[in-house]
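Data first, discussion second: the structure below is written as structure tokens.
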Amino acid sequence: MKKFSLGKAFVPVVGAVALIYLLVPIVHVIVFSFNDAGRNNILWRGFTLRNWQNPCGAPQVCTAFGNSILIGVVATVIATVLGTMIAIALVRYRFKFRSTVSLLLFTPMATPEVVLGAGLAAQFLLAGVEKGIGTIILAHTMFCISYVVVAVKARVASLDPAIEEAGRDLYAGPGQVFWRITLPMLMPGIIGAALLSFALSFDDFIITNFNSGTATTFPKFIYVSALKGVPAQANVLASIVFVGALLLVIIVQVVRINNQKRLAAR
């Protein structure tokens, strides 16, 4: 008879508890998206598909969700392009104040969001810029750039210069080397940085609240609605985002495994 080992069981038990702790809020959101709620979605009142059939039934919920998608996409594109160029410059080139620039890029990541949001709001006020979707995009782009630089910088540093040198030996121009060799090798890091930027932008509330003016985003809508009960339609949209992100992760993993198998078969 095998003896029970507390040490061996400890890690699986703690892992299971942590997983349950993380999944309970998500399961709650998905389950209550099917709630036959009235004015609030706090108590379970019965099962219905009406919320999924009309996810825009609650006032402004789809407008807020659409604003968050728009802001996230635009901020992600700008931050990814600028952050990738900055990361390549910091790794590949030597210039004055290079170390200072690298240090300053970490400042938005280390600064509390309430300080960052209040500072940006004061700058927009002094500049006479009207707050709205545009100021939110500028604010989100600013803090997303730091995360892109960190992610892509690590990828650039791991590249083997000999591969690019081989392209030059085959008479490829600088542009051909970048687009056909460097960029494809950087793409996993760039895609990861872009997904992280979009998630941070879509999820942000504090900085958005300082710089949004009358514009409403999905997190801001949830916060305001929480005072009287978040509508079930918000749960529907949140569930769609979660399922979409889960499917994206699964697709990426399947493609990666297939590519590894194809390379191993050669």
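Some points to look at:
- Taken as a whole, the condition of being under 30 Å from D36 (Cα atoms) and either surrounded by fewer than 14 Cβ atoms within 10 Å (Cβ to Cβ) or not acidic (D, E) (or both) applies to S225.
- Selection within the stretch 31-54 - closer than 19 Å to K228 by Cα and within 30 Å of the chain's Cα centre (by Cα): F32, S33, F34, N35, N40, N41, I42, N51
- Close pairs (6 angstrom Cβ cut-off, 6 or more residues apart or separate chains): over 14 Å from E113 (Cβ atoms) in the stretch 209-220, among the small types (G, A, S) and open to solvent by 40 Å² or more (accessible area, probe 1.4 Å) anywhere: none
- Filter pass, K96 being farther than 30 Å from A64 by Cα, among the charged types (D, E, K, R) and open to solvent by 40 Å² or more (accessible area, probe 1.4 Å): yes
- Residue check, A172 over 30 Å from A121 (Cβ atoms) and either exposed (fewer than 13 other Cβ atoms within 10 Å of the Cβ) or aliphatic (A, V, I, L, M) (or both): yes
- Sole exception among (1) aliphatic (A, V, I, L, M); (2) open to solvent by 70 Å² or more (accessible area, probe 1.4 Å); (3) in contact with a Pro (Cβ under 7 Å, 6 or more places away or on another chain) for M142, by number: (2)
- Here the condition is being open to solvent by less than 80 Å² (accessible area, probe 1.4 Å), small (G, A, S) and touching a strand residue (DSSP E or B) at 6+ places or on another chain (Cβ under 9 Å); of G57, G72, G46, it holds for G46 alone.
- Condition met for W52 (modelled with pLDDT of 90 or more and open to solvent by 30 Å² or more (accessible area, probe 1.4 Å)): yes
- Residue list for the stretch 234-259, restricted to those being more than 22 Å from the chain's Cα centre (by Cα) and modelled with pLDDT of 80 or more: I257, N258
- Subset of the stretch 55-97 [of a type in the set (F, W, Y) and either at negative phi or not in a loop (DSSP other than H, G, I, E, B) (or both)]: F65, Y93, F95
- Taking the stretch 150-266 and the helices (runs of 4 or more DSSP H) fully enclosed by it, the elements with 2 or more residues that are closer than 24 Å to V73 by Cα are at 183-203, 206-211, 218-226, 232-265.
- Some residue of the stretch 117-124 being open to solvent by 20 Å² or more (accessible area, probe 1.4 Å) and of a type in the set (S, T, N, Q): yes
The values are calculated or read from the model by the stated rules, or taken from the named source; none is laboratory data. Remember, predicted model here, so these are calculated numbers, not experimental data. All Cβ positions, even for glycine, are placed from backbone atoms using ideal geometry, and neighbour counts span all protein chains on display. For accessibility, only protein heavy atoms count, side chains too; no ligands or nucleic acids. Shrake-Rupley method; radii C 1.70, N 1.55, O 1.52, S 1.80 Å.
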